[in-house]
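Okay, structure first, notes after.
Every read-out reported here was derived from the displayed coordinates using simple, explicitly stated rules and does not represent laboratory data. What you see is a predicted model; the values in this text were computed from it and never measured. Methodologically, a virtual Cβ is constructed for each residue, glycine included, from the backbone with ideal geometry; neighbour enumeration extends over all protein chains shown.
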Amino acid sequence: MHQVKVKFNNVEQIKQFVNIIDKSESRFDLGSGQRIVNAKSILGVMALDFSKPLQLMYDSID
């Protein structure tokens, strides 16, 4: 499992992020602490506190 930190500055960046990774068949999780969501879910990502960096976790990228 790979991990990188991501930071969103606005809602448009979140939309672009979700649209890009949604095209991949790989699994992506995003969150911090105990709150982890499917990164391909726009509603899940929007529910996170994106005022600070979040941890993106993925197995592989196709």
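Summing charges over neighbours of I14, with a neighbour being any other residue whose Cβ is under 13 Å away from its Cβ, gives 0 when K and R count +1 and D and E count -1.
Using 0.36 nm per residue of separation minus the Cα-Cα distance, give me the extension gain between V6 and S41 in nm, one decimal.
Details: separation 35, 0.36 × 35 = 12.60 nm, distance 1.58 nm.
11.0 nm is the gain from fully extending V6 to S41.
With R₀ fixed at 30 Å, the C-beta to C-beta distance from S51 to S24 puts the FRET efficiency at about 0.70. If you take all other residues with their beta carbon under 15 Å from the beta carbon of V45, and give Lys and Arg +1 and Asp and Glu -1, the sum is +3.
Net charge in the neighbourhood of S32 (other residues with Cβ under 15 Å of its Cβ; Lys, Arg +1, Asp, Glu -1) is +2. For the chain, a crude dipole built from +1 on the beta carbon of Lys and Arg and -1 on the beta carbon of Asp and Glu, taken about the Cα centre, is about 200 debye to the nearest 20. An ellipsoid equivalent to the chain, defined through the eigenvalues of its Cα gyration tensor, has semi-axes of 17, 14, 10 Å when rounded to whole angstrom and sorted largest first.
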